[in-house]
1. Looking at the range 48-62, which of its residues are open to solvent by 80 Å² or more (accessible area, probe 1.4 Å) and either closer than 19 Å to TYR92 by Cα or modelled with pLDDT of 95 or more (or both)?
2. Taking the range 100-114 only, how many residues are under 23 Å from PHE195 (Cα atoms), open to solvent by less than 70 Å² (accessible area, probe 1.4 Å) and free of Cβ contacts under 8 Å to residues at least 60 places away in the same chain?
3. Determine the pairs where a residue that is farther than 18 Å from ILE75 by Cβ, located within the range 130-156, has a partner that is of a type in the set (Asp, Glu) and surrounded by 12 or more Cβ atoms within 10 Å (Cβ to Cβ) with Cβ atoms under 9 Å apart, the partner being 6 or more residues away or on another chain.
4. Can you spot a residue in the range 190-213 that is outside any loop (DSSP other than H, G, I, E, B), touching a helix residue (DSSP H, G or I) at 6+ places or on another chain (Cβ under 8 Å), modelled with pLDDT under 95 and loosely packed, with under 13 Cβ neighbours inside 10 Å?
5. State which residue is surrounded by the most Cβ atoms within 10 Å (Cβ to Cβ) when the search covers only the range 63-81 and only residues that are hydroxyl-bearing (Ser, Thr, Tyr) and under 23 Å from ASN196 (Cα atoms).
6. Residue check, PHE36 against (1) in contact with a Ser or Thr (Cβ under 7 Å, 6 or more places away or on another chain); (2) at pLDDT 95 or above; (3) open to solvent by 60 Å² or more (accessible area, probe 1.4 Å), all met but one. Which one?
7. Going by what's in this entry, would THR147 be described as more than 18 Å from the chain's Cα centre (by Cα), closer than 25 Å to THR115 by Cα and polar (S, T, N, Q)?
8. Yes or no: ILE118 at pLDDT below 95 and either closer than 30 Å to TYR161 by Cα or open to solvent by less than 70 Å² (accessible area, probe 1.4 Å) (or both)?
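The values are calculated or read from the model by the stated rules, or taken from the named source; none is laboratory data. A quick note: this is a predicted structure, and the numbers were derived from the prediction, not measured. Because the Cβ atoms are built from the backbone with ideal geometry, glycine has one as well, and the counts that use them run over all protein chains shown. We work out accessible area using only protein heavy atoms, side chains counted, and drop any ligands, DNA or RNA first. Shrake-Rupley method; radii C 1.70, N 1.55, O 1.52, S 1.80 Å.
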Amino acid sequence: MKTKHLLVIIAFFMAVSSKAQVADSVKVYHEMAFDFVGMQTPLLTKNFFGISLDLKSYVYPKWATGVNFSYSQKIINNKFNYNMGTPIVQYYEIGWINQFDFVQTNKLRLAASLTTGIAISRLADNDDKIERHGKYGNVYVPRGIATDNLFIIEPGFETSYKIYNGNHYSDIYITTKAKYRFAFGGPKYGDISDFNGSYIGIGLSVVGLVGDIQKHN
């Protein structure tokens, strides 16, 4: 009899504990944003055009943090005293974004941002291709001459206007970005001031809600 009563008591407390856990489980939503932007920036006294991708998570309603990747390349006429054929510059940026939306309405978002990261500028000979073995076959890429690795800081502003309402799960915005790049380091070719400059971009942003189950004690 005592054993039966003990089993009933244990079952009762397990049921209460299970209900408490369900009651304490709350689905919390936060926003994620993906930006795909075409951009223009001056490098080495030339205008470069390329693409930029941002992936951001809103850790607070108006504060987003995430990563940025940008790529551009251009054939130039400056050989920087290297013995080479046709010079081509391949330029990459990888950065960490912190963004504050000081205006958020149903249609419009205005934000200030600060991106810190690294810039990789690769000078190569476009007339001298080398073979690289890839997963889907061989490719030929320009032979590298010199590579600059620089630290960059980019303060900027962003404007986004909603063009498609997905009920906060897949809203689409037209986005414009304006930043200024400050570069630091010792370049192997060009002056450090050749890597400072404005950044202008326009493209699309997808903003949506993501849900997480969080348990509260």
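1. Of everything in the range 48-62, those that are open to solvent by 80 Å² or more (accessible area, probe 1.4 Å) and either closer than 19 Å to TYR92 by Cα or modelled with pLDDT of 95 or more (or both) turn out to be PHE49, LEU55.
2. Qualifying residue count, the range 100-114: 1.
3. Pairs that qualify, where the first residue is farther than 18 Å from ILE75 by Cβ and the partner is of a type in the set (Asp, Glu) and surrounded by 12 or more Cβ atoms within 10 Å (Cβ to Cβ), are ILE152/GLU93; GLU154/GLU93.
4. No, the conditions are met nowhere in the range 190-213.
5. SER70
6. Of everything listed in (1) in contact with a Ser or Thr (Cβ under 7 Å, 6 or more places away or on another chain); (2) at pLDDT 95 or above; (3) open to solvent by 60 Å² or more (accessible area, probe 1.4 Å), PHE36 misses just condition (1).
7. So THR147 fits the description; yes.
8. For ILE118, the condition - at pLDDT below 95 and either closer than 30 Å to TYR161 by Cα or open to solvent by less than 70 Å² (accessible area, probe 1.4 Å) (or both) - is not met.
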